[in-house]
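First up is the structure itself, then whatever we jot down about it.
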Amino acid sequence: MCKPTVISRKGDICVTQCVNCKIVNIWNRGVLISFSFEQFHAFIGATNGLEFDDYLEYSPDGVEVVILATPYPDLSLAFTRVEWYEFFAALNEAAYMQQIYQLVHF
Ligand SMILES: [Zn+2]
């Protein structure tokens, strides 16, 4: 049975997990990204330390954005500077909270 728990929230980002399904969901406005626990940690590892300014592009509206590939083919995420920091703050907090919950659950 699904028991999603909110493990992190920053700006528009909300991260939940279900310890039964071992799934992490990242809610970002209209986008919902689902990772297995392993995928989630791999994604954090792969994106750890990326600097917004190193990957700067411009959206069609002329806004500074960074495009991030996802593990899913043909699906990329576009972040403004504020969204970028909120996203990774939320992910890192989520990873930290997972460790805390593991201590509680085992
Ligand atoms: Zn579940």
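Read-outs: derived from the displayed coordinates by stated rules, not from any lab. All figures in this text were calculated on a predicted structure; none of them were measured in a lab. FYI the Cβ positions are ideal-geometry reconstructions off the backbone, even for glycines, and counts take in every protein chain you see.
Computed about the Cα centre, the dipole magnitude for region 4-105 is approximately 560 debye when only Lys and Arg (+1) and Asp and Glu (-1) carry charge, each at its Cβ. Listing Cys14, Cys2 from fewest to most neighbouring C-beta atoms within 10 Å gives Cys2, Cys14. Among Ile100, Ile23, Ile7, the ranking by other beta carbons within 10 Å of each residue's beta carbon, starting with the fewest, stands as Ile100, Ile23, Ile7. The angle separating the long axis of helix 37-47 from the principal Cα axis of greatest extent in the chain is about 30 degrees. For the chain, the list of Cys residues with no other Cys C-beta under 4.7 Å reads Cys2, Cys14.
Each of Trp84, Trp27 was scored by other Cβ atoms within 10 Å of its Cβ. Listed from fewest to most, they are Trp27, Trp84. In a DSSP loop and with at most 11 other Cβ atoms within 10 Å, the GluC sites (Glu not before Pro) in region 4-106 are Glu51. Would region 4-105 count as rounded, prolate or oblate if I go by the C-alpha gyration tensor, calling it rounded below 1.5 in a/c and otherwise prolate when a/b exceeds b/c, oblate otherwise? Since a/c reaches 1.5 and a/b is larger than b/c, the shape of region 4-105 is classed as prolate. Close amide H pairs (under 5 Å, H built 1.01 Å from N) link Val65 with Glu57, Tyr58, Ser59, residues at least 5 positions away or on another chain. Here the contact order of region 24-104, divided by its residue count and restricted to Cα pairs under 8 Å and six or more residues apart, works out to 16 percent.
With contributions of -39500 (n - 2.57) from each DSSP H run of at least four residues, the per-residue ellipticity at 222 nm computed over the chain stands at -11500 deg cm²/dmol.
Shape class for region 1-40: prolate, because the ratio a/c of the largest to smallest gyration tensor axis (alpha-carbon atoms, square roots of eigenvalues) is 1.5 or more and a/b beats b/c.
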